[in-house]
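Colleague: Here's a structure for you.
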Amino acid sequence: MFVSDFRKEFYEVVQNQRVLLLVALDVDALCACKILQALFQCDHVQYTLVPVSGWQELETAFLEHKEQFHYFILINCGANIDLLDILQPDEDAIFFVCDTHRPVNVVNVYNDTQIKLLIKQDDDLEVPAYDDIFRDEEEDEEHSGNTGDGSEPSEKRTRLEEEIVAQTMKRRERREWEARRRDILFDYEQYEYYGTSSAMVIFDLAWMMSKDLNDMLWWAIVGLTDQWVQDKITQMKYVTDVGILQRHVSRHNHRDEDEENALSVDCMRISFEYDLRLVLYQHWSLHDSLCNTCYTAARFKLWSVHGQKRLQEFLADMGLPLKQVKQKFQSMDISLKENLREMIEESANKFGMKDMRVQTFSIHFGFKHKFLASDVVFATMSLMESPEKDSSGTDNFIQALDSLSRSNLDKLYLGLELAKRQLRATQQTIASCLCTNLVISQGPFLYCSLMEGTPDVMLFSKPASLSLLSRHLLKSFVCSTKNRRCKLLPLVMAAPLNVEQGTVTVVGIPPETDSSDKKNFFGRAFEKAAEGTNSRTLHNYFDLSVIELKAEDRSKFLDGLISLLS
């Protein structure tokens, strides 16, 4: 059931208990976890934190800890599938689920005792009515048995006939109801999409309890920016949520100019920015950032010689010397940096890039350290999905969690270096896919497969990096193709996961159109295609549109998917 009063029905319930925190491996979940940890620290709440990468790990963690805990908090996992069916918990276990995955499973919505959903009701949830999908069994058993003692045989026969007619009508009604229920559930569960960021939901709770700090506000901003970077929400939703956070930023970072209220030098300040859409440009050179930002790389078509020439023309149009553009942003002439945003925006408009600036936030630690919210998202994501052989998922999770604290700036800078490597590899892979025509139209969708042995292919075995690569590849392909029909198609992408086991990760990306509502139908389609072709798949990720597949079943799985979507 949906929790209406987060403070009373959630926080005050767990405040005096030991709780188990199960956190999914994405940046938004990490930020929500940081805010909750800060609240728990305030109120001395005892908790155990377990990172979970998929359904299997969630089950294992639950089985390991179910004896010690009655209260479980799930962040960014658990809402879109029948939790009680998967975990089979005791009757006194209570689950608080704060999850951005939609649609929310109907059993979770209508379970009043064990499942408590920390989900904002103002998201368009469109949950079907209870009577349309659940029906009491007693109704159907009422008409069993015939209790006549039989005074007249003809009377008895008439009554029997009436009962048979009534039973037939009941059965027909039930069949019609079941058919209607199937249609309603199909419409409801057909598309996967995302709701309000979990970090924002938990920040809202902190604000209602007057315990919100500037740090918590920053984590909420990073959580929202993660959704925008990963293209999980529409531009409209992003702008609306930025507006909400902007009010909090003004409240927390408002300082008069007089001496008394001046901030000390090493203070942290958050400010609203209308900044450039260039990745990590303040920690890189402007040239590298232009080459490795998906938006500019796709518009210039940088994988071609003509595209490289256009980039040179763009720089010439701005009047920026190459020497300045190719050195670290920090070392550029101050006179150039002052008007840089305006210069880039003006030239970008001439080159058809109208959305060169975007609403975002930045954070300053003293005078020296300044980060944009998207910088932190890329750094944290790279730390979490670090492909190092000797590091486990839990180690990476703790590294990423630490990098969000202002006392661990060295880890954040390490994350930025990893992010640069990941972004370079992403653009190089896109260039090689487009130049060697690896993106093929399969009829109802586009398909691209990364081969074993491709440079940096192991960087894309994890779900978030592969999804990001796929989205960027689709954007670049749409800019490069002349075929109008192909511009409207979704993309299915496969990358090697484990060579010894012969498995690949497959991800489905919705079509890249301006009016796109970011809803993804591949989750259900993958399930149906796997069932129909007996392909050996593992639907283990919380995002239903990412699956693991045995490499030798790939061709029959794709055939099944093509016939399903045609």
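Colleague: Of the peptides 357-365, 526-534, how do they stack up when ordered by the mean number of other Cβ atoms within 10 Å, highest first? Write out the running numbers ahead of the final one.
Modeller: Values: 357-365: 19.1, 526-534: 16.9.
Ranking, from highest mean packing down: 357-365, 526-534.
Colleague: I've got another one for you. Once ligands and nucleic acids are excluded and a 1.4 Å probe is used, how much of Glu67 is accessible, expressed in Å² to the nearest 10?
Modeller: About 140 Å², rounded to the nearest 10.
Colleague: Let me ask you something else. May I ask you to derive the FRET efficiency for Leu564 and Tyr110 from their Cβ-Cβ distance with R0 = 25 Å, giving the value to the nearest 0.05? Please report the intermediate quantities before stating the final value.
Modeller: Numbers: r = 30 Å, r/R0 = 1.19.
After rounding to 0.05, the efficiency reads 0.25.
Colleague: Label Gln308 and Val13 with points 7 Å out from Cα along Cα→Cβ: what is the distance between them in nm?
Modeller: 6.1 nm
Colleague: While we're on this one: Order Met451, Met381 by their accessible area, 1.4 angstrom probe, all chains in place, largest first. All intermediate terms of the calculation are to be shown ahead of the outcome.
Modeller: On the way: Met451 110, Met381 15 Å².
Putting Met451, Met381 in descending order of accessible area: Met451, Met381.
Colleague: OK, next. Order these peptides, 22-31, 335-344, 454-463, 213-222, by their mean beta-carbon neighbour count within 10 angstrom, highest first.
Modeller: Details: 22-31: 28.0, 335-344: 13.8, 454-463: 18.9, 213-222: 24.3.
Those peptides, ordered most packed to least, come out 22-31, 213-222, 454-463, 335-344.
Colleague: Still on this structure, I have one more. Give, in nm to one decimal, the length gained when the segment between Phe365 and Ala316 is fully stretched (0.36 nm per residue of separation minus the Cα-Cα distance).
Modeller: Working: separation 49, 0.36 × 49 = 17.64 nm, distance 3.45 nm.
So the extension gain works out to 14.2 nm.
Colleague: Once a ≥ b ≥ c are taken as the square roots of the eigenvalues of the Cα gyration tensor of region 358-497, is the result rounded (a/c under 1.5), prolate (a/b larger than b/c) or oblate (a/b not larger than b/c)?
Modeller: Prolate, since a/c reaches 1.5 and a/b exceeds b/c.
Colleague: Now for a separate question. Per the 1.4 Å probe, what fraction of the accessible area of the chain, in percent, lies on carbon and sulfur atoms?
Modeller: Details: 13120 of 26630 Å².
The computed percentage sits at 49.
Colleague: Can you list the lysines whose alpha carbon sits under 24 Å from that of Lys482, skipping same-chain ones fewer than 8 residues off?
Modeller: Lys301, Lys309, Lys350, Lys354, Lys518
Colleague: Moving on. Taking a probe of 1.4 angstrom, what is the accessible area of Asp99 in Å², to the nearest 10?
Modeller: Rounded to the nearest 10, the figure is 0 Å².
Colleague: I would also like to ask the following. For a test of the definition: using alpha carbon positions, the gyration tensor, and the 1.5 limit on a/c, classify region 476-566 as rounded, prolate or oblate. Display every interim value, and only then the final one.
Modeller: Values: a/c = 1.83, a/b = 1.71, b/c = 1.07.
Prolate is the answer for region 476-566, as a/c is 1.5 or above and a/b outweighs b/c.
Colleague: Note down the magnitude of the dipole of the chain about its Cα centre, charges +1 on Lys and Arg C-beta and -1 on Asp and Glu C-beta and zero elsewhere, to the nearest 20 debye. Intermediate results must be reported in sequence, preceding the final value.
Modeller: On the way: 63 positive and 87 negative charges, 691 e Å.
With Lys and Arg at +1 and Asp and Glu at -1, about 3320 debye.
Colleague: Turning to a different aspect of this structure: Roll a 1.4 Å probe over the protein chains and send me the accessible area per residue for the chain in Å². Please report the intermediate quantities before stating the final value.
Modeller: Working: 26630 Å² over 566 residues.
In whole numbers, the chain has 47 Å² accessible per residue.
Colleague: Turning to a different aspect of this structure: What is the gain in length, in nm to one decimal, between His65 and Arg485 on full extension, counting 0.36 nm per residue of separation less the C-alpha to C-alpha distance? Display every interim value, and only then the final one.
Modeller: Details: separation 420, 0.36 × 420 = 151.20 nm, distance 5.17 nm.
In short, 146.0 nm is gained.
Colleague: Turning to a different aspect of this structure: Between region 434-492 and region 64-80, what is the separation of their alpha carbon centroids in Å?
Modeller: After rounding, the separation between the Cα centres reads 36 Å.
Colleague: For Leu125 paired with Arg536, estimate the spin-label separation in nm (one decimal), with each label point 7 Å from Cα along the Cα-to-Cβ line.
Modeller: 4.0 nm
Colleague: May I ask you to order 271-278, 470-477 by the average number of other C-beta atoms within 10 Å around their residues, highest value first? All intermediate terms of the calculation are to be shown ahead of the outcome.
Modeller: Values: 271-278: 17.4, 470-477: 23.0.
My ranking of the peptides, most packed first, is 470-477, 271-278.
Colleague: Computed FRET efficiency, Cβ-Cβ of Gln442 and Gln327, R0 45 Å: what is it to the nearest 0.05?
Modeller: Numbers: r = 45 Å, r/R0 = 1.00.
Result of the calculation: an efficiency of 0.50.
Colleague: Restricting to DSSP H runs of at least four residues, report the calculated mean residue ellipticity at 222 nm for the chain, -39500 (n - 2.57) per run over all residues, nearest 500 deg cm²/dmol.
Modeller: Values: 22 runs with 269 residues, N = 566.
Calculated at 222 nm, the ellipticity per residue is -15000 deg cm²/dmol.
Colleague: Where does each of Lys120, Lys556, Lys156 land when they are ordered by accessible area, with a 1.4 Å probe and the largest first?
Modeller: Working: Lys120 50, Lys556 80, Lys156 105 Å².
My answer, sorted largest first, is Lys156, Lys556, Lys120.
The values are calculated or read from the model by the stated rules, or taken from the named source; none is laboratory data. Here the structure is a predicted model, which is why all the values come from computation and not from measurement. A quick note on method: Cβ atoms are made from the backbone with ideal geometry, for glycine too, and the neighbour counts reach across all protein chains shown. Quick note on the areas: whole protein, heavy atoms, side chains included, nothing else; ligands and nucleic acids left out. Shrake-Rupley method; radii C 1.70, N 1.55, O 1.52, S 1.80 Å.
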